[in-house]
1. May I ask you to list the residues of segment 66-82 whose amide nitrogen lies under 17 Å from a point 7 Å from Cα along the Cα→beta-carbon direction of E129?
2. If amide hydrogens are placed 1.01 Å from N in the peptide plane, which non-local residues have theirs closer than 5 Å to the one on S172?
3. If packing is taken as the mean number of other Cβ atoms within 10 Å per residue, what is the order of 388-395, 232-239, 139-146, highest first?
4. Semi-axes of the equivalent ellipsoid for segment 149-228, please: Cα gyration tensor eigenvalues, times 5, square-rooted, ordered largest first, whole Å.
5. Once label points are set 7 Å from the Cα along Cα→Cβ at both S107 and H265, what is their separation, rounded to one decimal in nm?
6. I'm checking a number: the convex hull volume of the Cα atoms of segment 219-378, normalised per residue, in Å³. What is it?
7. Just want the answer: with Cβ charges of +1 for Lys and Arg and -1 for Asp and Glu, which residue in L233, A291, A435 is farthest toward the dipole's positive end in the chain?
8. Using only Cα atoms and rounding to the nearest 10 degrees, what angle (0 to 90) does helix 412-426 make with the longest principal axis of the chain?
Amino acid sequence: MCKVTNNFCIYHILAYLRHCMKKIFPTSSVKKLDAYTIEHEPVAEIDLMERASQALAGEICSRFAPVVPFVVFAGPGNNGGDALAVARLMAERGYRLSVYLFNVKGSLSPCCQTNRNRLSQLSEVEFHEVTSQFTPPVLTAEHVVIDGLFGSGLNKPLAGGFASVARYVNASPAYVVAIDVPSGLMGEDNTYNTMAQVMNAHLTLTLQFPKLAFLLPENAQKVGEWKVLDIGLHPQGIEQTPTPYAITEADDVRGLLKPRARFAHKGDFGRALLIAGKLGMAGASILAARACLRSGVGLLTVHVPQCNNPMLQTAVPEAMTQIDIHSDHFAEAPLTDAYNVVGIGPGLGKHEDTRAALLELLDHCDIPLVLDADALNILGEEREHLYNLPLGSIITPHPGEMDRLVGRSQNSFQRLQKARELAREAQVCIVLKGAYTAVIDTAGQCWFNPTGNPGMATGGSGDVLTGILTALLAQGIKAIDAARLGVYIHGLAADMAAANLGEVSLTAHDIIDYLPSAFRG
């Protein structure tokens with residue numbers, strides 16, 4: 001247990017830790033947190049490294065038997081010091097290791113030097129210190145490589161011999177375990193990195209916090225599976241250090257949906273208007289409507305073209321319908337005074353009538369909106385309207401729709417930053433959909449969602465999310481809370497469905513069917 005200052009009650013440590021683990025810090029902040037821990041615990045830097053190395057060695061040993069041959073590549077800095085300490089701890093448990101310490105400039109960090117001296121005393125470890133020429137070891141499919149060349153503090157692409165080592169390992173059949181980050185990967189922005197020279201890890205054991213780069217799709221091949229290991233950084237320092245990024249957890253959303261009073265009635269849970277579906281896209285309106293009703297809305301009206309009315313009334317008898325003047329697409333902006341929220345976009349189409357009706361709706365609507373799909377595609381061509389959305393509105397773009405709203409991005413990191421900027425400027429909550437959907441509030445604060453699975457990559461999943469968010473806003477939940485809760489529940493329902501049905505067979509209807517279980521869970 002860490003030593004704490006007098007004004008930091010020991011009984012609150014676990015609560016603080018539970019909160020702090022949700023944060024995602026830029027790598028520059030992690031260095032400061034290391035320093036804060038060293039000063040305020042207090043603990044020597046080498047002892048903090050030992051603590052981290054024990055966590056790393058314990059995790060590696062829990063996954064691999066002692067008979068597996070390990071090759072350790074250690075750099076000259078503290079990431080290399082971690083790798084050397086891990087090698088020593090594993091050797092003491094009977095593991096077979098060959099260790100290569102790259103000391104080409106004759107300058108090791110103090111902690112790396114200490115761990116070099118400690119490891120060199122173990123005769124059972126095959127230790128090589130590389131100062132000039134390097135003859136790489138043969139790596140087979142039987143080998144496990146521990147990558148400790150460089151950590152998250154790297155700020156330029158790998159070059160020279162280190163890039164050659166990374167390329168060599170990447171070309172081998174060996175299994176790679178990266179310490180903290182795969183060598184060469186930067187913790188946040190890899191726009192100008194040379195990705196071919198970044199180590200390909202199968203498993204990344206990261207210390208205390210995930211790195212933002214782990215949550216971005218272009219880095220998935222480099223990071224592989226990742227797991228966060230707690231190394232006991234000071235909870236007070238973590239709590240006091242701001243960051244724009246966090247991960248939503250079950251405890252965050254569990255209390256957002258309030259228990260229903262015994263004498264509650266349908267009017268207490270909001271009136272929602274859903275505008276969705278054109279000819280041939282009735283399914284989008286049906287999915288969104290069913291999801292909305294499964295998410296607790298009191299009364300739902302669906303505005304549909306005449307052609308879709310029979311199907312909707314048959315498939316979703318609990319919903320009322322409001323029939324558009326046009327037979328096969330949205331062409332008339334309805335009055336919204338009787339509603340608490342409007343959801344619009346699924347299966348809407350981009351007919352000129354639809355464009356005009358949407359813009360007219362935006363001109364007179366003063367209640368929160370949930371905008372998705374074609375509503376966003378129209379706004380991508382009418383961007384000035386983005387900055388006049390009613391307060392409390394939510395937009396739910398996937399990456400392509402986001403690019404249409406703010407301009408094309410080179411990668412997910414740039415897209416995320418543009419989304420944060422748009423959320424601040426337009427004062428709108430943004431749900432940027434993806435494997436770790438990012439929910440962004442009007443201050444640019446970003447929460448990544450941990451639920452969901454690849455089975456959700458199927459038509460209609462986004463329509464279901466629109467229905468969920470519309471229902472939660474109708475019940476009076478504020479936009480950022482509705483977005484975080486809705487995205488979490490959407491993914492959790494999909495996870496429950498996939499557990500029983502498999503990812504390949506998952507459909508949007510399955511997500512709706514598991515919403516009751518997700519809300520109970």
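The values are calculated or read from the model by the stated rules, or taken from the named source; none is laboratory data. Values in this document were obtained by computation on a predicted structure and should not be read as measured data. FYI the Cβ positions are ideal-geometry reconstructions off the backbone, even for glycines, and counts take in every protein chain you see. For the accessible areas, the whole protein counts, side chains as well, though only heavy atoms, and no ligand, DNA or RNA atoms are used. Shrake-Rupley method; radii C 1.70, N 1.55, O 1.52, S 1.80 Å.
1. 73-78, 80-82
2. The answer is none.
3. Packing order, densest peptide first, comes out as 232-239, 388-395, 139-146.
4. Listed largest to smallest, the semi-axes of segment 149-228 are 17, 15, 11 Å.
5. Distance between the two pseudo-spin positions: 7.8 nm.
6. Per-residue hull volume (Cα only) is 206 Å³.
7. L233
8. 50
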